[in-house]
Ligand SMILES: [Fe+2]
Ligand SMILES: [Fe+2]
């Protein structure tokens, strides 16, 4: 018997306002014997190990752009002689964009890594999102020229981002998050791959890998890791 066809439905969040979604009704009407919804391992994605570790997500789930951006930012911080906590925060700062969520990515990312890193690293990841919009000449950080291209010259960040910036600016961990933004460069050299292995020791010291694997340790964010393992599960 042939492998049954497994239908995939776009995530509700993706459908809002994009007009790209086949209605639930339309998809449901395609169910028939041998045609079911996607559950479990998706043949369209590389198989994950049973107890996945952080770098497995980098290699097997994250899109190329995010993987390069994260590793190049972390390498920049490493070469700049910054503390390991800064290098680690750089390596994780846009992790949410790898395979989970772009919108409010600093907040999603901080929650995702929260149970596995120091409070300071998660804090730095959370707040880099707001700090990106505000210059700090004391460390030579300017408003990113890319943001002018991305959002237009007259874009103004919303109130909650302004408030988060004000709050972060006066916090004792401000500089950790600020250094993330300083190393958050879009200057990618095409085709230049940073070897993930160079971060193995730093990850070992700053990221608590659960023995059950990410997604299966019952932590507060385990479901977020599972969502990346099985992104097309119907439920
Ligand atoms: Fe970011
Ligand atoms: Fe970034």
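Bear in mind that the values in this text are calculations on the coordinates, not laboratory data. Since this is a predicted model, take the numbers as computed values, not measurements. All Cβ positions, glycine included, derive from the backbone under ideal geometry; neighbour counts span all protein chains shown.
For 175, 224, the sequence from fewest to most other C-beta atoms within 10 Å is 175, 224.
Please pull out the direction-averaged projected area of the chain, using the convex hull of its alpha-carbon atoms, in nm² to one decimal place. Could the numbers behind the result be given before it?
Numbers: hull surface 62.1 nm².
It is 15.5 nm².
For the chain, what does -39500 (n - 2.57) per DSSP helix run (n ≥ 4), summed and divided by total residues, give at 222 nm, in deg cm²/dmol to the nearest 500?
Working: 13 runs with 110 residues, N = 235.
For the chain, the value works out to -13000 deg cm²/dmol.
Among 41, 154, 217, the largest mean-square fluctuation in a Gaussian network model of the chain (Cα springs under 10 Å) belongs to 154. Comparing 82, 206, 14 in a Gaussian network model of the chain, where Cα atoms under 10 Å apart are tied by springs, the biggest mean-square fluctuation is seen for 14. Principal axis analysis of the Cα atoms in the range 164-221 yields extents of 39, 35, 18 Å, listed in decreasing size. Just check the range 72-151 against the gyration tensor rule for me: Cα atoms, a ≥ b ≥ c as the square roots of the eigenvalues, rounded for a/c under 1.5, and otherwise prolate or oblate depending on whether a/b exceeds b/c. The shape class here is oblate.
With a simple spin-label model that places each label point 7 Å from the Cα along the Cα-to-Cβ direction, the separation between residue 13 and residue 32 comes to 3.5 nm.
Segment residue 205..residue 51, full-extension length gain: 53.5 nm, with 0.36 nm per residue of separation and the alpha-carbon distance subtracted. When Rg and the Kirkwood radius Rh are both evaluated on Cα atoms of the range 138-235, their ratio Rg/Rh stands at 1.04.
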